[in-house]
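Before any comments, here is the structure.
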Amino acid sequence: MSCVKVGITGYGVYIPRYRIKVEDIARVWGSDAGAIKASLKIAEKAVPALDEDAATIAVEAARNALRRAQVNPEKIGAIYVGSESHPYAVKPTATIVAAAIRAEPHLTAADYEFACKAGTAGVQTCMGLVGAGMIDYGLAIGADTAQGAPGDPLEYTAAAGGAAFVIGREKLVASIEATYSCTTDTPDFWRREGQAYPRHGGRFTGLPAYFKHVYSAARGLMDKLGLEPEDFTYAVFHQPNGKFPRVVAKKLGFASEQVEPGILVDRIGNTYSGSSLLGLAKLLDISEPGDRILVTSFGSGAGSDAFSVVVEPAIEEKRSLAPSVEQYIARKVYVDYASYVKLRKKIRV
Amino acid sequence: MGSIPRFWRNMQSRYNLIGRRCTRCGEVYFPPRNFCARCRRRGKLEEVQLSGRGEVVSYTVIRTPPEGFERQAPYVMALVRLEEGVMLTTQLVDVNPEEVEIGMRVESVFRKIQEDGEAGLIYYGFKFKPVEE
Amino acid sequence: MKRVAVIGVGLTKFGELWETSFSQLFVEAGAKAINDAGIDGDDIDALYVGNMSGGRFIDQEHISCLIADHAGLTPIPATRVEAACASGGLAIRQGVMAILSGMHDVVVVGGVEKMTDLVTEKTTQTLATASDSEWEAFMGMTFPGLYALIARRHMHEYGTTREQLAMVAVKNHENALHNPYAQFHTRISVEDVLRSPLVADPLRLLDCSPITDGAACVVLASEERAREFVDSPVYITGSGQASSTIALHDRRSITVADATVNAAKEAYARAKRSAGDIQVAEVHDAFTIGEILAIEGLGFFKIGEGGRATEEGETAIGGRIPVNTSGGLKAKGHPVGATGVAQVVEIALQLRGEAGKRQVDADVGLAHNVGGSGGTAVVHILEKG
């Protein structure tokens, strides 16, 4: 697609410290924890502290990305933050990030919303700007502090976390060979303005939404590149639960060794705009130069962005410059449901 | 509770620990000052970004919080001396109050300091957490 | 320096005085002081008043004008002085300087604070303006929190114990039993202090001075004119004032109150006295650790020895140097702007032999008043005529 080699100059993540287990939520609502864990394939999820939000997560991830990118922040020409929990309805998260990484003022910035694929939308935009030579480096971030209504099944999975990617032409830890998207107006999951919690179409969120778009985008990308599943070392997908990504991976023809390393949802939950990007970051933490990774996001509403990422030699020296995904996952403190409700401000005072 | 112009003027200090150093006597100021307290009119101040690494000089646990901090209570507040020699007042996060010790090494993180109710501005800035060995 | 006579003293009861307004407080204290001095209103040349925050506590600035007006003293010059909790002490010093300069001969100096018209949260928010508003209060620091930081560091550096801090409060409550003007007349024990709710670790509720309404007033006169009014006044023989950094994090030392040390140095020099000469003292115990810092900074005890000295009873009535015979800020109450003046009133009463059951035998006394966490300190030395 692009003549110029464009890719990831640096990447960084942030996952909050608190965790709540499925059992501790199920107990309150009188649900069968064992059944939920078996069907959603999730054990616990990440919960933000009272003083954390999508902006603070975005900043920490961005600072980590810059540590790996080794780029002067003043050279960042664009910042896009994708989230469905931006702290403000009007006033961009991207400018808070710009100030916090000292990238002001010679840049463009905006916030994106497209459910869980707002972060990858930012990656595509940066690829375009960098590829066209309009900017030297772009910063794309997916960060969320997602909310599930008390008692709703989403409560087990809606989590907090984020990942940031510095997109550029030089000093790449991985190049992005191509991107391909599938987008339709599919109302599977939404939140109206002013509402605290989202609503969804139940089983409608499966085949007509997640599976159709993820499959089409991933398959479309492979067709465009003339590649097949065996040409990839890893495949990582948006992870609303532990079941969906494994099912779509199998349908596309990927083996479990290609898919399992990128699965994080069982231990941190669905980090929404951060989900597929955190999965990519995990794979960059462990992959070797030459590995090819298929990344496919999904955002309700609905759409999927697929990327073919090829790991470059610079990953070896840059990888250790910031904490890894596993280091953030290992750093955890459990909370009970009462503390969880206080932290997520579900109690109105 | 906060003032918009005042917060905006201090934003780089709050977000990025930007202080000032006097080129004449070397004294580092954080928060930044416009006048070197030692050299006064003879001093010349330049911008300096602090490392964000330091150690705890003293600490307390606030149990009767001021307005805007009620939900966070009890929380740990500390005096932290940075590597550059200056000391600042900050909240310690990601730590149990019982685990805090004088001399503990800490590093800065980006968090919400306070917000002006549900409809007002959100004030972000630095807090500190223990350095993980 | 030349001496300045204290020819009259007066104060209101300290406490939560719901029925009493700001003006009533000052007028009551002022009238008592003027009666005590045996002067006529027309004898007064000028008025100085200490008040921390009329603007926030009662939505009223221009306090000096309000007081001169309501006291019926217009058109004399009236001046309000502010240095947070040291406002009263500063007002005393301004009165002293006015007389020593020769500008005025008879000056009324008062301090007043009305703190209970606001809900507690707003009162504590107002008190926090004595700290660094942008870099201490804004970050979530409170006033007790600042003193708690000092306490913990003092315990770390010198081994001061939690019990020793509690003994300051116990002693001051004991003393206040004999002070009819005090806010509290309750005896407390060390266990009571250690069981009271935590406010900011390690400080508990009973380590902290209360929210109080009150006013205090003195009439000062030049030595030359004093004898026209009273036979044997007591005198202010030394005055010292010093500034330090507003924020605790900018201080040279957390545990040594430089402003106190410097203010004391000036006061001792002017009075040609030293710490060993002081026989009774009112010091600034906004929090129990404050008294420890004070008795060390003033030179009564070596740095680090204040806790031990308190434990061994050296600062009790009957001890080597009785401190806070009035009950201190802790038990007498702390109407912010009034405190510095009330301290001088207590020392004057002690030197005059009018301190009732809390009387000690003293010819030389000292009053010590601090602003904020130590950004301002003012010290006055008084002696029998």
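Given axes a ≥ b ≥ c from the Cα gyration tensor, I'd like to know whether the stretch C:254-325 is rounded (a/c under 1.5), prolate (a/b larger than b/c) or oblate. It is oblate, given that a/c is not under 1.5 and a/b is not larger than b/c. In a fully extended conformation the segment linking A:TRP190 and A:ARG203 would gain 3.2 nm over its present Cα-Cα distance, using 0.36 nm per residue.
Taking a straight line from the alpha carbon of A:LYS75, these aspartates and glutamates sit under 17 Å away, with near neighbours fewer than eight places off in the same chain left out: A:GLU104, A:ASP136, A:GLU170.
Of all DSSP bridge pairs formed entirely within the protein assembly as shown, close to 75 percent run antiparallel.
Quick check on the stretch A:231-290: take the gyration tensor over C-alpha atoms, sort the square-rooted eigenvalues as a ≥ b ≥ c, and tell me if it's rounded (a/c under 1.5), prolate or oblate. Oblate is the answer for the stretch A:231-290, as a/c is 1.5 or above yet b/c matches or exceeds a/b. Which residue, chosen from C:CYS65, C:THR123, C:LEU248, occupies the Cα position most advanced towards the positive end of the dipole of chain C, where the dipole is computed from +1 (Lys, Arg) and -1 (Asp, Glu) charges on Cβ about the Cα centre? The Cα lying farthest towards the positive end belongs to C:LEU248. For the stretch A:174-314, the residue among A:PHE254, A:ILE293, A:THR184 whose Cα projects farthest onto the positive side of the dipole built from Cβ charges is A:THR184. The Cα center of the stretch C:194-238 and the Cα center of the stretch A:114-170 differ in position by 62 Å. Charge dipole (Cα centre; +1 on Lys/Arg Cβ, -1 on Asp/Glu Cβ; no other charges) of the stretch B:52-133 amounts to roughly 100 debye.
Comparing B:VAL106, B:PRO130, B:VAL80 along the charge dipole axis of the stretch B:52-133, the residue lying farthest to the positive side is B:VAL80, per the Cβ-charge model. Under a straight-distance cross-link criterion of Cα-Cα below 17 Å, which lysines are reachable from A:LYS251, leaving out those fewer than 8 residues away in the same chain? Cα-Cα hits under 17 Å: A:LYS212, A:LYS243. Placing +1 on each Lys and Arg Cβ and -1 on each Asp and Glu Cβ, with no other charges, gives the stretch C:72-228 a dipole about its Cα centre of roughly 200 debye. Axis of helix A:54-69 versus longest Cα principal axis of chain A: the two differ by about 30°, to the nearest ten degrees. Report summary: the helix-based calculation at 222 nm, which adds -39500 (n - 2.57) for every DSSP H run with n ≥ 4 and divides by the residues of the protein assembly as shown, gives -9000 deg cm²/dmol. Using C-alpha pairs under 8 Å with a sequence gap of at least 6, the mean separation divided by the residue count of chain A gives a relative contact order of 26 percent.
Spatially, the stretch B:1-71 and the stretch C:313-385 are offset by 37 Å when compared through their Cα centroids. Across chain B, the longest run free of exposed loop sites, meaning trypsin sites (Lys or Arg not before Pro) lying outside DSSP classes H, G, I, E and B with no more than 13 other Cβ atoms within 10 Å, spans B:45-133. Of the trypsin sites (Lys or Arg not before Pro) found in the stretch C:300-385, the ones in coil according to DSSP and having at most 12 other Cβ atoms within 10 Å of their Cβ are C:LYS302. If R0 is 45 Å, the Cβ-Cβ spacing of B:GLU118 and A:GLU23 corresponds to a FRET efficiency of close to 0.90. Placing a pseudo-label 7 Å from each Cα along the Cα-to-Cβ vector at A:ARG67 and A:ILE286 gives an inter-label distance of 2.1 nm.
In percent, rounded to a whole number, the relative contact order of chain C is 26, using alpha-carbon pairs under 8 Å and six or more apart. Report note on the peptides C:66-79, C:249-262: ranked by the mean count of other C-beta atoms within 10 Å, highest first, their order is C:249-262, C:66-79. Rounded, prolate or oblate: which fits chain B when a ≥ b ≥ c are the square roots of the eigenvalues of the alpha-carbon gyration tensor, with rounded for a/c under 1.5 and prolate only if a/b beats b/c? Judged from the Cα gyration tensor, chain B comes out oblate (a/c at least 1.5, b/c at or above a/b).
For Cα pairs less than 8 Å apart in space and 6+ apart in sequence, what is the mean separation divided by the residue count of the stretch C:153-306, i.e. the relative contact order in percent? After rounding, I find 22 percent. Within 10 Å of the Cβ of each residue in A:97-105, the mean number of Cβ atoms contributed by other protein chains is 3.
Taking a straight Cα-Cα cut-off under 26 Å and skipping sequence neighbours fewer than 8 places away in the same chain, the lysines within cross-link reach of C:LYS272 are C:LYS2, C:LYS302, C:LYS384.
Quick note: the coordinates plus some simple rules give every number you see, no bench work behind them. Note that the structure is predicted; figures quoted are calculated from it, not measured. Note: ideal-geometry Cβ built from the backbone for every residue, glycine included; neighbour counts use all protein chains shown.
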